[in-house]
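In what follows, a structure is listed as structure tokens, so that the remarks can point back to it.
The values are calculated or read from the model by the stated rules, or taken from the named source; none is laboratory data. Keep in mind that this is a model prediction, so the values were computed, not measured. All Cβ positions, even for glycine, are placed from backbone atoms using ideal geometry, and neighbour counts span all protein chains on display.
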Amino acid sequence: MSAAPAKPATRTARPERPPAPALPQFDRLDRAHREVLEVLHDFERLLEHVGDNGPDEQARASARHIQHFFNGPARQHHSDEERTVFPGLLAAGDPAVVQHVRRLQQDHGWLEEDWIELSTQIEAIANGYNWYDLGTLRQALPVFVQLYREHIALEESMIYPLARRQAGAG
């Protein structure tokens, strides 16, 4: 006769406590930039992989991740900047700052246009289809990557520090 299975130990209930505060706005924005740079690197690796292996399962999973990120969190990040960072800097009226913010707003439009061009190709890979055009991807991705990197550099070197000072956040 076998021994009866041991009863799982019961866990002591944890006391209620207030929720943790949200990550401060600029920390969230900075983290989003790190994520963008990581996903752009994943995107570059995806093209190498697809060139060697076609749309295998690894490529499909990577393409789905890239597609999800640029359709969701990246777009939300741009919206957050447009809503919370740019208005105060534009209202302050410093001509040089206004020029840089307008450039960043234009970048958001261009990044969206570039993503729309790239997304149909990535969708094909994500679904395992062979009708993607690797040549188009190899031509368009460096433009997208360069624009994103320049955009992030301008925000982090100038715009975010100004916005932080304006908000009294450091």
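In table form, for the structure just shown:
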item: Residues that are surrounded by 15 or more Cβ atoms within 10 Å (Cβ to Cβ) and either farther than 24 Å from W115 by Cβ or of a type outside the set (A, V, I, L, M) (or both), drawn from region 141-157; result: F144, Y148, H151, E155
item: Any pair with Cβ under 8 angstrom, 6 or more apart, that starts in region 1-28 at a residue that is surrounded by 10 or more Cβ atoms within 10 Å (Cβ to Cβ) and of a type in the set (A, V, I, L, M) and ends at one that is assigned to a helix (DSSP H, G or I) and modelled with pLDDT of 80 or more; result: L23/R31
item: In region 116-170, the residues that are charged (D, E, K, R) and out of contact with any helix residue (DSSP H, G or I) (no Cβ under 7 Å at 6 or more places or on another chain); result: R149, E150, R165
item: Verdict on G135 being farther than 22 Å from E38 by Cα and outside any helix (DSSP H, G or I); result: no
item: Test: residue in region 87-96 that is under 19 Å from the mean Cα position of the chain (by Cα), of a type outside the set (S, T, N, Q) and modelled with pLDDT of 95 or more; result: no
